[in-house]
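So the structure is just underneath, and the comments pick up after that.
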Amino acid sequence: DSYEKVPATDEKIIDARFGAIESRFGLMTSTVNAPATGPATQAAAAMTAVKTQAAELVKLADKFIADCAGQVAGKDKDAAAHVVNLEAAADFIKAKTLCDVLGQEGPALAILANLGTKYPDTTVIHDANVYEIERLIHQGKINGAGGAVEKAKDFSHRFPQSGPYVMGLLVSQIRDSITRLEALESGSPALVSLRKDYMDFAKTLWESNKG
């Protein structure tokens with residue numbers, strides 16, 4: 001990896017180290033999301049290799065996060081903020097790796113829950129919120145306490161420029177799920193529940209936008 005060839009004495013070493021983490025994460029997720037081909041044994045071996053890479057990436061991120069603390073001292077405000085932003089981004093990548101590749105949802109959610117407190121003024125907070133909402137949508141956790149609708153409403157107040165995007169995700173996901181269930185089992189409890197979710201969400205949008 002070209003990022004890892006940057007000399008330790010280079011003033012851009014912190015950027016290079018983060019670049020290596022980001023590059024590894026991108027390659028790993030592209031492998032995870034690629035359509036399965038070949039026999040089942042081959043796919044299983046590939047997934048085992050990916051999980052090994054993921055465990056190594058978590059260790060790499062941990063080392064980077066620990067080292068960032070020592071990189072802030074003596075820097076001016078902008079340079080220090082840049083290091084903290086990279087540290088926060090590495091923590092976010094670690095959380096996604098734990099959750100999406102290693103299946104360690106508990107530790108991942110703990111990291112995500114702490115990002116706002118640990119890195120309050122960083123750019124990663126926006127992306128982490130979008131990730132959490134997308135995860136809830138894909139899990140079908142739409143309404144109720146801690147559901148996607150509740151998270152999306154809070155997100156829209158904090159990041160109004162991105163509110164339409166997450167609201168659009170919610171509408172699209174619920175519609176797609178309804179269409180699939182209508183084709184498979186019309187009148188099923190799951191379909192009734194999704195239709196209720198859709199109506200409740202529409203009511204929520206109406207009440208939040210009127211006046």
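The values are calculated or read from the model by the stated rules, or taken from the named source; none is laboratory data. Since this is a predicted model, take the numbers as computed values, not measurements. Ideal geometry is used to build each Cβ from the backbone, glycine not excepted, and the neighbour counts take in all protein chains shown. Remember, those area values only see protein heavy atoms, side chains included, never the ligands or the DNA or RNA. Shrake-Rupley method; radii C 1.70, N 1.55, O 1.52, S 1.80 Å.
What the table below lists for this structure:
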| item | result |
| --- | --- |
| From M28, M47, residue being of a type outside the set (F, W, Y), surrounded by 19 or more Cβ atoms within 10 Å (Cβ to Cβ) and more than 22 Å from K12 (Cβ to Cβ) | M28 |
| Selection status of A16, modelled with pLDDT of 95 or more, out of contact with any Leu (no Cβ under 6 Å at 6 or more places or on another chain) and either more than 25 Å from N129 (Cα to Cα) or open to solvent by less than 30 Å² (accessible area, probe 1.4 Å) (or both) | no |
| Looking only at region 123-155, and only at residues there that are of a type in the set (S, T, N, Q) and touching a residue at least 24 places away in the same chain (Cβ under 8 Å), the one that is farthest from V101 (Cα to Cα) | N143 |
| Leading residue by the ranking (surrounded by the fewest Cβ atoms within 10 Å (Cβ to Cβ)) among those in region 57-83 that are within 19 Å of the chain's Cα centre (by Cα) and farther than 17 Å from L115 by Cα | K59 |
| Subset of region 172-192 that is among the hydroxyl-bearing types (S, T, Y) and assigned to a helix (DSSP H, G or I) - its residue that is farthest from the chain's Cα centre (by Cα) | T179 |
| Of all residues in region 140-171 being outside any loop (DSSP other than H, G, I, E, B) and aromatic (F, W, Y), the one that is nearest to T123 (Cα to Cα) | F155 |
| Subset of region 161-197 [open to solvent by 90 Å² or more (accessible area, probe 1.4 Å) and either within 16 Å of I142 (Cβ to Cβ) or at pLDDT 75 or above (or both)] | Q161, P164, Y165, R175, R180, P189, R195, K196 |
| Unique match (being out of contact with any Pro (no Cβ under 8 Å at 6 or more places or on another chain) and either farther than 17 Å from C99 by Cβ or in contact (Cβ under 8 Å) with a residue 60 or more places away in the chain (or both)) among A49, A61 | A49 |
